[in-house]
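Visitor: First the structure, then my questions, so here it is.
What follows is calculated from the coordinates using simple rules that are stated; it is not laboratory data. Model, not experiment: these values are computed from the prediction. Every residue, glycine as well, gets a Cβ built from its backbone with ideal geometry; the counts of neighbours run over all protein chains shown.
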Amino acid sequence: MGISLNEYKEGLWEFRLTYYDPITDQRKERSKRGFKRKKDARIEAQQLEEQLLNNFDTANHNMLLKEYMQHWLVEYKKDVVRKNTYKLHQTNINKHIIPYFQNIKIKNLKPTMYQKFLNHLYNEGYAKRTVEIVHGTLRNGLEKAKQLNIIDRNPAEGATIKGKSKKQTIKFIDSSDISNFLKEARQYGYIYWMFYYFLIETGMRKGEAAAIQWSDINFKEKTVRINKSLDFQASTNDELFGDTKTYRSTRTITLRDPLIDKLKFHLKWQNENKKTFGDLYHHDLNLVLCRDDGNYMPKSSLFNSFERILKRAGLPKLPIHSLRHTHVVILMESGWSDYKQIQERLGHGSYQITADVYAHISDRINQEGMQKYDDYMKKILNE
């Protein structure tokens with residue numbers, strides 16, 4: 001910092017205080033004139049200097065909201081939260097927050113303005129859950145600004161989000177249709193059949209399955225270790241593998257013997273491909289579920305193939321994620337009733353998520369069980 005005192009007019013003094021903004025690292029200047037005594041100008045300049053050194057709020061009183069949110073993202077979220085979470089915050093800031101608030105100063109953001117922002121998202125047709133996620137990013141950032149004394153209160157507190165939460169509908173392939181689906185997948189292409197069969201057998205997310213390497217498979221213990229997820233939008237191989245969705249998503253699960261046998265065959269098949277492609281094969285990736293040349297499966301290829309296979313099998317349109325739900329339905333139909341076990345196998349962030357998502361599936365299975373019980377009792381009692 002630096003202070004300069006100048007007599008800009010006879011008998012009148014001004015001070016200029018230069019400093020570097022701790023957020024933007026840009027040189028800034030504060031000044032004030034109209035002092036009748038040089039001493040008074042110096043005293044006030046020194047007081048301001050002390051405030052700038054000890055009070056982050058005063059130092060950044062003119063900071064734009066967009067400047068602060070970018071700073072918050074880099075300084076307080078990068079390498080702290082998981083890659084997917086960081087990208088979500090980044091998208092919320094760039095797509096929603098900055099375009100709406102533009103050049104508003106963070107100190108000028110009031111609760112009424114914040115509420116209008118949330119209402120704007122609602123009026124634009126965004127789902128309540130989407131608005132909640134955007135709200136989460138901005139509220140989190142503003143809370144840190146409050147801790148840093150940049151603002152006195154968090155204008156996001158007490159805000160109301162319009163709309164009704166959509167009841168989550170779980171989509172899955174009925175167990176009676178799985179065999180036909182896999183038959184059509186095998187005819188469509190061996191690689192796709194292997195990928196979708198693996199998802200049905202394990203309940204993994206597609207990104208988790210796409211990132212499985214041979215070093216993650218333990219043939220002796222009949223397990224697979226899930227400790228990463230594939231970033232389908234990665235620009236380089238160095239960015240290809242990211243974190244799992246949550247910390248609980250890192251897990252090791254047991255595999256059935258039929259899947260182990262198919263993986264052993266798949267490894268032999270892949271080794272033949274390695275001979276064919278030679279140096280063109282992506283040996284460094286060491287992927288289990290990949291294209292013929294060892295490169296990862298593009299998201300577009302998976303989406304397109306899945307849609308076509310469903311159509312061939314006479315099934316309605318479903319997201320690939322439905323295979324994860326399909327796995328759970330199979331588990332529950334086979335007798336898995338402990339949500340805690342299902343949570344651990346699927347890598348859900350909490351027990352409650354598992355319970356909420358699959359409660360209605362449990363109801364369906366209970367109804368089927370009640371019907372079987374009713375039929376059996378009628379047989380016993382000759383009703």
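Visitor: Based on alpha-carbon atoms only, what is the radius of gyration of segment 74-145 relative to the globular estimate 2.2 N^0.38 Å? Provide the component values of the computation, followed by the final result.
Guide: Values: Rg = 12.3 Å, N = 72, 2.2 N^0.38 = 11.2 Å.
Expressed relative to 2.2 N^0.38 Å, the Cα Rg reads 1.10.
Visitor: Once amide H atoms are placed 1.01 Å from N in the peptide plane, what residues at a sequence separation of 5 or more from residue 211, or on another chain, have their amide H within under 5 Å of its amide H?
Guide: The list, which skips near neighbours in sequence, is 230.
Visitor: Once the Cα gyration tensor of segment 124-173 is found, what semi-axes does its equivalent ellipsoid get, as square roots of 5 times the eigenvalues, in whole Å, sorted largest first?
Guide: 31, 12, 8
Visitor: Taking the Cβ of each residue in 8, 68, 281 as the centre, tally the other Cβ atoms inside 10 Å and list the residues starting with the fewest.
Guide: Final ranking by Cβ density, sparse to dense: 8, 281, 68.
Visitor: Can you list the aspartates and glutamates whose alpha carbon sits under 12 Å from that of residue 206, skipping same-chain ones fewer than 8 residues off?
Guide: Partners within reach: 231.
Visitor: Then there is this: With the chain treated as a Gaussian network of Cα nodes joined by springs under 10 Å, which of 333, 307, 29 yields the largest mean-square fluctuation?
Guide: Comparing 333, 307, 29 in a Gaussian network model of the chain, the most mobile one is 29.
Visitor: Next question, about the same structure. Taking the Cβ of each residue in 231, 216 as the centre, tally the other Cβ atoms inside 10 Å and list the residues starting with the fewest.
Guide: 216, 231
Visitor: So what's the Cα pair-distance distribution over segment 175-358, bin width 10 Å, in %?
Guide: Each 10 Å bin holds this share of Cα pairs: 9, 36, 39, 14, 2.
Visitor: Can you flag which of 77/268; 110/164; 105/245; 77/340; 83/116 are past 32 Å Cα-Cα?
Guide: From the list (77/268; 110/164; 105/245; 77/340; 83/116), the Cα-Cα distance tops 32 Å for 77/268; 105/245.
Visitor: Nearest 10 degrees is fine. How inclined is helix 190-202 to the longest principal axis of the chain, computing both from alpha carbons?
Guide: 80 degrees
Visitor: Let me ask another. Taking the alpha-carbon distance from residue 38 and a cut-off under 16 Å, which lysines remain once sequence neighbours fewer than 8 residues away in the same chain are dropped?
Guide: Straight-line reach from residue 38, under 16 Å: 9.
Visitor: Treat segment 58-214 as a sphere of radius equal to its Kirkwood radius over Cα pairs and apply Stokes-Einstein at 25 °C in a medium of 0.890 mPa s; give the translational diffusion coefficient in µm²/s, rounded to a whole number.
Guide: D = 130 µm²/s.
Visitor: Among [x] 63, 52, 38; [y] 109, 66, 36; [z] 66, 49, 41, which is the computed Cα extents along the principal axes in Å?
Guide: Step by step, Cα extents along the principal axes in Å for this structure corresponds to label [y].
Visitor: I would also like to ask the following. Rounded to the nearest 10 degrees, what's the angle between the helix 128-147 long axis and the longest principal axis of the chain, both from Cα atoms, 0 to 90?
Guide: 40 degrees
Visitor: Quick one: among 208, 124, 67, which has the greatest mean-square fluctuation in a GNM of the chain with alpha-carbon springs under 10 angstrom?
Guide: 124
Visitor: Rank the residues 72, 214, 13 as a footprinting-exposure proxy: fewest other Cβ atoms within 10 Å of their Cβ go first.
Guide: 214, 13, 72
Visitor: Using Cα atoms only, what is the angle between the long axis of helix 299-312 and the major principal axis of the chain, expressed in degrees (0 to 90) to the nearest 10?
Guide: Tilt relative to the chain: about 40 degrees.
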